[in-house]
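What follows is a single structure, written as structure tokens, with notes after it.
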Amino acid sequence: MDYDIIIGLEIHVQLQTESKMFSWCGTEFGLPPNTQTDPVSLGLPGTLPVMNRKAFELALKTAVALHAEIAPFTKWDRKNYYYPDLPKNYQISQYDLPFSHGGWIAIPRRKDGGGGGRCGLTRVHLEEDTGKLMHAAGGLSEVDLNRAGIPLLEIVTDPDIRSPADARGCLEELRLTLRYLGVSDCEMQEGSLRCDANVNLHIHRDGDTIATPIVEIKNLNSFRAVEKALIYEIERQYKKWRDDGLTIKDAAKTTRGWSDAEEVTKPQREKETASDYRYFPEPDLVPVVADLAWLARIRESIGELPAARRDRFESEYGLSPYDANVLVEQGQDVADYYDDVARATGQYKLASNWIQQDVLRTIKEKKMSVAEFPVAPAALADLINRVERGELNTNQGREILGRMIETGDPAEIIIEMGGYRMVSDRDQIAAAVDAAVAANPQAIDELKRGKKKPEAVKGFLRGQVMKQTGGKANPALVGELLEAKLAESLQ
Amino acid sequence: MSLTIDDVAKVALLARLRVSPDELQMFTGQLNSIMDYVAQLQQLETTDVEPLSHGIEVRNVFRDDVRGDPLPREAALLNAPKRNQESFLVPAVLE
């Protein structure tokens, strides 16, 4: 099987505004049907749309962050179609003069070393979302117009993606970027981020490249579905090509829907003459000219984006690319928390470990946000410093953090109350070391005969010493005294 | 430039309008006379004229992102030809 996979994504993102794109009613998700409308969203005769400035600015912000070029002049067009999801019988969209051109999304590097590079953008434009249709009894559909008129960004990528994993990676990177920007909450389950995928294969045979017909996959309701549907579709297309030999020249693009339950794609009915939208300029909205001062303000409003933050975590704190990514991809509040702890302790790597292991685990288990996490960055930094100075060993630190999470008290109080002072008494620890060695002659024997790796034997003996001291012994002192004792025993 | 009966039939279909053969004849004639009238503009020399994207020379009209009261659902559904307690009802559209 020698082929290249060619994938492009068509993404729709709802922008986070208080009111709709052209009128005043709200944009909340999940309200009872048709309780979030106004005369403009209903397309009532005599109403006129007025552009929401915030919606346009969020769109600008997104395009700038995606490295796109902002058009100095942009206008709106009517996309005409007769379908009850928009009662006006047209969607206000952008056709020949969208507000931005070009741009790209970084394709994250995968754990297996694949991925990387950039996925170019074919277009980014602003339009209004449509209402929702639900099947009802008696050959009827229910129309809910709560969603009609919510500002929607359409992002179409170039066919630059070469694997289902990269398609998912690209989409996740986009979501992370949009969340950092604060322009959308990007909940696929709630439909504020939606994605269709176009895919075909370039099969290499006898020095020729044969392209299979393009398929657009719809109904992708999760990141996992994007990846799984593409894996399925690639295999299906390859088999189909082997059966019927049809290429892109023989067959038009078709649409298939992903079924999450059956894990297959199925053909969907095409909208008849769907491509004939008879676009024309929207006479009810005037064009927009984005001047340099406005764009400069937009640029200033963009904080540090995920890609830059990963780079900084590597260069400023010396974190590995893996650690930097784990902290950044959890979202802005986790990365901010790490920044605060790292700066307060100066122990960059330790701060990263504690947050990845203890903080993230706790917030996941308790289903809380970092903002709700009861231990402030300064309090965690104080605990990490105590461990680093040798006042506590790591296990004690963990226990204390657990108590800090439960009680909200600082480490100082829990240490005083709980008898957590670390034992740093040389004689006491030396006695424990002597006892551990005396009680385990086989360990010394194994060390002498080289039967086990020295590190394994030492680790075992360290554990024995810790057990005897109730886990309170200063680990540095235990290590030092154990080394001395073993050197003596091996002579 | 002349519209054919097929052109008009196609536009009628896209607009979901049911038009009788007689009406098709009539509308084709009427639409063609409108097209011919507008086509007089073709006689003008427009090489140095910038394309117009809007009829009025106003730019950047915005409203602030302020939320107001929605229509009560009963009012929203009031004029629907067909409805139930909470939604508009339309003939089922197959996906």
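The values are calculated or read from the model by the stated rules, or taken from the named source; none is laboratory data. Just so you know, these numbers come straight off a predicted model, no measurement behind them. Reconstructed Cβ throughout: ideal geometry from the backbone, glycine too, with neighbour counts over all protein chains shown. Side chains are part of the model used for accessible areas, which takes the heavy atoms of the whole protein and leaves out ligands, DNA and RNA. Shrake-Rupley method; radii C 1.70, N 1.55, O 1.52, S 1.80 Å.
Kindly indicate whether any position in the stretch A:41-62 is in the same structural domain as residue A:283 (by TED's automatic domain parsing), assigned to a loop (DSSP other than H, G, I, E, B), closer than 26 Å to residue A:222 by Cβ and within 31 Å of the chain's Cα centre (by Cα).
Applying the first criterion (in the same structural domain as residue A:283 (by TED's automatic domain parsing)) to the stretch A:41-62 yields A:41-62.
Applying the additional criterion that residues be assigned to a loop (DSSP other than H, G, I, E, B) yields A:41-50.
Then keep just the ones that are closer than 26 Å to residue A:222 by Cβ; that gives none.
For the stretch A:41-62, residues in the same structural domain as residue A:283 (by TED's automatic domain parsing), assigned to a loop (DSSP other than H, G, I, E, B), closer than 26 Å to residue A:222 by Cβ and within 31 Å of the chain's Cα centre (by Cα): absent.
Under the condition of being within 16 Å of residue A:172 (Cβ to Cβ) and in a loop (DSSP other than H, G, I, E, B), which residue from the stretch A:213-230 is farthest from the chain's Cα centre (by Cα)?
A:221
Here is a yes/no grid of residues against (1) at pLDDT below 85; (2) not in a helix (DSSP H, G or I):
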| site | (1), (2) |
| --- | --- |
| A:433 | no, no |
| A:444 | yes, no |
| A:448 | yes, no |
| A:455 | yes, no |
| A:461 | no, no |
| A:464 | no, no |
| A:467 | yes, no |
| A:471 | yes, yes |
| A:476 | yes, no |
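For the stretch B:46-55, how many residues meet the condition of being more than 7 Å from chain A (Cβ to nearest Cβ) and open to solvent by less than 100 Å² (accessible area, probe 1.4 Å)?
Number of matching residues: 2.
Yes or no: the stretch B:32-45 includes at least one residue that is modelled with pLDDT under 95, open to solvent by 70 Å² or more (accessible area, probe 1.4 Å) and either part of a loop (DSSP other than H, G, I, E, B) or at the interface with another protein chain (Cβ under 9 Å from one of its Cβ atoms) (or both).
Within the stretch B:32-45 (the criterion being modelled with pLDDT under 95, open to solvent by 70 Å² or more (accessible area, probe 1.4 Å) and either part of a loop (DSSP other than H, G, I, E, B) or at the interface with another protein chain (Cβ under 9 Å from one of its Cβ atoms) (or both)), the answer is yes, since at least one residue qualifies.
State all residues of the stretch A:145-174 that are more than 30 Å from residue A:213 (Cβ to Cβ) and either open to solvent by 20 Å² or more (accessible area, probe 1.4 Å) or in contact with a helix residue (DSSP H, G or I) (Cβ under 7 Å, 6 or more places away or on another chain) (or both); if no residue qualifies, say none.
As a first pass, look at the stretch A:145-174 and keep what is more than 30 Å from residue A:213 (Cβ to Cβ): A:145-151.
Result: A:147, A:151.
Residue B:90 - would you say it is within 29 Å of residue A:285 (Cβ to Cβ), exposed (fewer than 14 other Cβ atoms within 10 Å of the Cβ) and at the interface with chain A (Cβ under 7 Å from one of its Cβ atoms)?
Answer is no for this residue.
When you check residue A:337 against the structure, is it crowded, with 17+ Cβ neighbours inside 10 Å, of a type outside the set (Val, Ile, Thr) and part of a helix (DSSP H, G or I), yes or no?
Spelling it out, residue A:337 is indeed crowded, with 17+ Cβ neighbours inside 10 Å, of a type outside the set (Val, Ile, Thr) and part of a helix (DSSP H, G or I).
Of the numbered conditions (1) within 14 Å of chain B (Cβ to nearest Cβ); (2) at pLDDT 95 or above; (3) under 22 Å from residue A:157 (Cβ atoms); (4) assigned to a loop (DSSP other than H, G, I, E, B), residue A:67 satisfies every one except a single condition; which is it?
Only one criterion is unmet by residue A:67, namely (1).
Residues being farther than 25 Å from residue A:422 by Cβ, over 50 Å from the mean Cα position of the chain (by Cα) and open to solvent by 30 Å² or more (accessible area, probe 1.4 Å): count how many of those fall in the stretch A:433-487.
5
Please determine whether any residue of the stretch A:34-55 is charged (D, E, K, R), more than 11 Å from chain B (Cβ to nearest Cβ), closer than 30 Å to residue B:51 by Cβ and surrounded by 15 or more Cβ atoms within 10 Å (Cβ to Cβ).
There is no residue in the stretch A:34-55 that is charged (D, E, K, R), more than 11 Å from chain B (Cβ to nearest Cβ), closer than 30 Å to residue B:51 by Cβ and surrounded by 15 or more Cβ atoms within 10 Å (Cβ to Cβ).
Residue by residue through the stretch A:360-374, note down the ones that are within 13 Å of residue A:398 (Cβ to Cβ) and either open to solvent by 50 Å² or more (accessible area, probe 1.4 Å) or at pLDDT 95 or above (or both).
Result: A:361, single match.
Out of B:69, B:65, which single residue is within 9 Å of chain A (Cβ to nearest Cβ), open to solvent by 70 Å² or more (accessible area, probe 1.4 Å), under 30 Å from residue A:51 (Cβ atoms) and acidic (Asp, Glu)? Even if it seems obvious, please write down each step before you answer.
Details: B:65 fails: open to solvent by 70 Å² or more (accessible area, probe 1.4 Å).
Exactly one residue qualifies, and that residue is B:69.
Going through B:84, B:32 one at a time, which residue ends up being out of contact with any helix residue (DSSP H, G or I) (no Cβ under 8 Å at 6 or more places or on another chain) and touching a residue at least 24 places away in the same chain (Cβ under 8 Å)?
After applying the criteria, what remains is B:32.
Kindly indicate whether residue A:255 is touching a strand residue (DSSP E or B) at 6+ places or on another chain (Cβ under 7 Å), within 14 Å of another protein chain (Cβ to nearest Cβ) and at pLDDT below 95. Even if it seems obvious, please write down each step before you answer.
Working: touching a strand residue (DSSP E or B) at 6+ places or on another chain (Cβ under 7 Å): yes; within 14 Å of another protein chain (Cβ to nearest Cβ): yes; at pLDDT below 95: yes.
Considered against the rule, which asks whether it is touching a strand residue (DSSP E or B) at 6+ places or on another chain (Cβ under 7 Å), within 14 Å of another protein chain (Cβ to nearest Cβ) and at pLDDT below 95, residue A:255 comes out as yes.
So, residue A:269, is that one within 14 Å of another protein chain (Cβ to nearest Cβ) and open to solvent by 60 Å² or more (accessible area, probe 1.4 Å) or not?
Yes; evaluated as a whole, the condition is true for this residue.
State all residues of the stretch A:131-140 that are touching a strand residue (DSSP E or B) at 6+ places or on another chain (Cβ under 8 Å) and surrounded by fewer than 20 Cβ atoms within 10 Å (Cβ to Cβ); if no residue qualifies, say none.
The answer is A:132, A:133, A:134, A:135, A:136, A:139, A:140.
Could you please give the count of residues in the stretch A:391-419 that are outside any helix (DSSP H, G or I) and either in contact with a Pro (Cβ under 8 Å, 6 or more places away or on another chain) or within 20 Å of residue A:363 (Cβ to Cβ) (or both)?
Residues in the stretch A:391-419 being outside any helix (DSSP H, G or I) and either in contact with a Pro (Cβ under 8 Å, 6 or more places away or on another chain) or within 20 Å of residue A:363 (Cβ to Cβ) (or both): 4 in total.
Touching a residue at least 40 places away in the same chain (Cβ under 8 Å), closer than 20 Å to residue A:8 by Cα and of a type in the set (Ser, Thr, Tyr): does that describe residue A:95?
yes
Could you grab me the full set of residues in the stretch A:290-334 that are of a type in the set (A, V, I, L, M) and open to solvent by 40 Å² or more (accessible area, probe 1.4 Å)?
A:292, A:293, A:296, A:307, A:308, listed by residue number.
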